[in-house]
Amino acid sequence: MGRVPSPYATVLTEAVNDLVDNGFDSAERVEYWQERLRRAAEESLATLDEMERSMRDALKTVYNRLVERGGLAKLHPGIARFTVERLTPLLRGELDRRILAATGLIRLNREEAVRKTLHRFSGWATSLPKGKVAEPDKRDTKTLIRKSLSGLPFEVRRLHIDQGHKLTSSINSVLAENGGAIAGVWQSHWRQANYDYRETHKERDEQIYLIRDSWAHKAGLVKPGPAGYTDDVTQPAEEPFCRCRYKFLYALRALPADMVTGRGVQALEAVRENS
């Protein structure tokens, strides 16, 4: 048996055939097919509730991997488990905030895909002369019109991934800020095959950025290195589809010598003498 066309594909075929037979003879004809296409397009997509549920589940999976199953330890070496537990309400708040933002984006993407489909159809239909026209390549015409709609699942998957990276970055930042981190080592994925990295982010790879107003900074124990402060640059995952991240440092001894002040050196020596 051949593949059964979807209701949306059927309506689109009927619309294209009708416009080829009659041309652009009235706005009413185009509006009629626009409304039918809109309904068919919306019915062909996963419901908004399903798409939002899928996004929530994806972000909760990221959260559980980081917070519940100890994934944060890789980016925060040396931080105590009880610190993570103490900050869990704040970390949970980041999850809730990201879910709210992400589900809003899902809604906008869904609406935009339908809108672009109708816009392409209207643009093609109103460009036709009145009356029967020389038959265009209907297959190419339909492919162009449904381009946004057929690409929506891919865009949603990309959105899942991007929002997951943004959640990871925000959770890391909250933990670092409230857990006593003093610096962050930028980690880029530029070596990963087929990753469309930003050249500026590649240049930041393995650079150490000081956290302004951390306990060590306020105490005069540290100073910025060549890279400067974390707030001098965009944050990991802040830009669309960025997969960079910070590995946070909590101890003076983890910093290179040029980022430790004379007072910091004295503090390290005092610790060694008392250990």
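The values are calculated or read from the model by the stated rules, or taken from the named source; none is laboratory data. All values derive from a computational prediction rather than experimental measurement. Note that we place each Cβ from the backbone using ideal geometry, even for glycine, and neighbour counts take in every protein chain shown.
Do we have Lys116 as at pLDDT 95 or above and in a helix (DSSP H, G or I) here? Spelling it out, it is not the case that Lys116 is at pLDDT 95 or above and in a helix (DSSP H, G or I).
Criterion applied to Ala183, Ala219 was being at pLDDT 95 or above, more than 27 Å from Ala102 (Cβ to Cβ) and surrounded by 15 or more Cβ atoms within 10 Å (Cβ to Cβ), and the one residue passing it is Ala183. Being surrounded by 14 or more Cβ atoms within 10 Å (Cβ to Cβ), within 30 Å of Leu167 (Cα to Cα) and basic (Lys, Arg) is a property that Lys60 has. Please identify the pairs in which a residue from the stretch 225-247 that is under 14 Å from Leu167 (Cβ atoms) and touching a residue at least 24 places away in the same chain (Cβ under 8 Å) has its Cβ atom under 6 Å from the Cβ atom of a residue that is among the hydroxyl-bearing types (Ser, Thr, Tyr) and outside any loop (DSSP other than H, G, I, E, B), counting only partners at least 6 apart or on another chain. The qualifying pairs are Pro236/Ser169; Pro236/Tyr246; Ala237/Ser169.
Return yes or no: is Thr103 touching a residue at least 24 places away in the same chain (Cβ under 8 Å), of a type in the set (Val, Ile, Thr) and more than 22 Å from Lys147 (Cα to Cα)? Yes: the conditions hold for Thr103. Note on the stretch 193-221: among residues that are assigned to a loop (DSSP other than H, G, I, E, B) and among the acidic types (Asp, Glu), the one that is nearest to the chain's Cα centre (by Cα) is Asp196.
Here's the yes/no breakdown for (1) within 27 Å of the chain's Cα centre (by Cα); (2) among the β-branched types (Val, Ile, Thr):
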| position | (1), (2) |
| --- | --- |
| Phe82 | no, no |
| Arg92 | yes, no |
| Asp96 | yes, no |
| Thr103 | yes, yes |
| Ala113 | yes, no |
| Thr117 | yes, yes |
| Trp124 | no, no |
| Ser127 | no, no |
